[in-house]
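The values are calculated or read from the model by the stated rules, or taken from the named source; none is laboratory data. Values in this document were obtained by computation on a predicted structure and should not be read as measured data. Heads up, the Cβs are rebuilt from the backbone with ideal geometry, glycines too, and the neighbour counts pull from every protein chain shown. Please note that ligands, DNA and RNA were not included when accessible areas were found on the heavy atoms of the full protein model with its side chains. Shrake-Rupley method; radii C 1.70, N 1.55, O 1.52, S 1.80 Å.
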Amino acid sequence: MRIAMWSGPRNLSTAMMYSFGARPDFSIMDEPFYAPFLAATGTEHPMRDEILRAHENDPDAVAALCLAPQTTPHVYMKHMPHHMLDGFPMDWARECVNVHLIRHPARVIASYAAKWDELTLEMIGYPQQLALFQQVGGVVIDSFDIRADPERSLTALCAAINLPFDPAMLNWPAGARRDDGVWAAHWYGAVHRSTGFAGPEGEMPVLAPHLQELCDAALPYYEQLAALKTAY
């Protein structure tokens, strides 16, 4: 099985990658289209030069890597919909089990704004995620549910994709992983200190007016996907 897990930023996506990576039957790939996205757009992100030097920049080559044989029975790929620019190959995704990880935009924006001054709807990826779901289909899960009850939520996800649940998914050793992207040094501090999923999320954050406007713009996309999430 090849799982393509699609998620916007600040959305439990790294913890989910570590969860599947804790299984002995899975290898992991960390945002393989990030470097091609940076190379094609010229976007200035933290560690841009290091990312472009360390990772494959050609989207066609990355697509081939996504289907390349692995040493494990299964592969888990962490992807972000906004990395998939027009003209980037998508045929490879038809060979995958596509899963769409969502989070309420107020929580995403509050988390992202702590590390980034200027946010846009395109940066947080809600329109792109809905468009990608409409293109490839798949299973929808919500990070709120996973944090509220990891075992129940992951058991339901595994059932939805016809994969046996493994309790190893609930814990992992603290620290970095050899398969982390080089950007982990900037973004993954909290998950590197973790050994499992954080507890249930608290009250919805109160956003500054300009961030609330962004949340209001993202909310319809989130709500369309939330209406389709896996029931359990």
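Data for the structure
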| item | result |
| --- | --- |
| Relative pair counts by distance (%), Cα atoms of segment 1-159, 10 Å bins | 10, 40, 39, 12, 0 |
| Rotationally averaged projected area of segment 34-85 (alpha carbon convex hull; nm²) | 4.1 nm² |
| Vicinal HN-Hα couplings computed from phi for segment 96-112 (Karplus, 6.51 cos²θ - 1.76 cosθ + 1.60; Hz; Gly/Pro x) | 10, 7, 8, 10, 10, 9, 10, 8, 4, x, 4, 6, 4, 5, 4, 6, 5 |
| Mean ellipticity per residue at 222 nm, deg cm²/dmol - from DSSP H runs of n ≥ 4 across the chain, formula -39500 (n - 2.57) | -11500 deg cm²/dmol |
| Surface accessible to a 1.4 Å probe, LYS115 within the full protein complex, Å² | 90 Å² |
| DSSP bridge pairs, the chain: antiparallel proportion in percent, nearest 5 | 5 percent |
| Within the accessible area of the chain (1.4 Å probe), percent carbon and sulfur | 52 percent |
| Quarter of Cα convex hull surface for segment 80-127, i.e. mean projection, nm² | 4.2 nm² |
| Order of exposure, largest accessible area first, which applies to ARG53, ARG178, ARG23, ARG48 with probe 1.4 Å | ARG178, ARG53, ARG48, ARG23 |
| Three semi-axes of the equivalent ellipsoid, segment 150-232, Cα gyration tensor, whole Å, largest first | 27, 23, 13 |
| Three principal axis lengths of segment 87-232 [C-alpha, angstrom, descending] | 44, 36, 33 |
| Additional length obtainable on full extension of the chain from LEU85 to THR71, 0.36 nm per residue less Cα span | 2.1 nm |
| Per residue solvent-accessible surface (Å²) - the chain, probe of 1.4 Å | 45 Å² |
| Cα-only Debye scattering, segment 133-184: base-10 log of I(q)/I(0) at q = 0.14, 0.16, 0.19 Å⁻¹ | -0.54, -0.68, -0.87 |
| Segment 1-45 - Rg over Rh from alpha carbon coordinates, Kirkwood radius | 1.04 |
| Relative packing of peptides 79-89, 37-47 - highest average C-beta neighbours within 10 Å first | 79-89, 37-47 |
| Per-residue SASA entry for GLU201, accessible area with 1.4 Å probe, Å² rounded to 10 | 30 Å² |
| Ordering of 206-212, 189-195, 142-148 by burial proxy (mean other Cβ atoms within 10 Å per residue, highest first) | 142-148, 189-195, 206-212 |
| Residue-wise HN-Hα coupling along segment 166-171, computed from phi with Karplus coefficients 6.51, -1.76, 1.60 (Hz; x: Gly, Pro) | 10, x, 4, 5, 8, 8 |
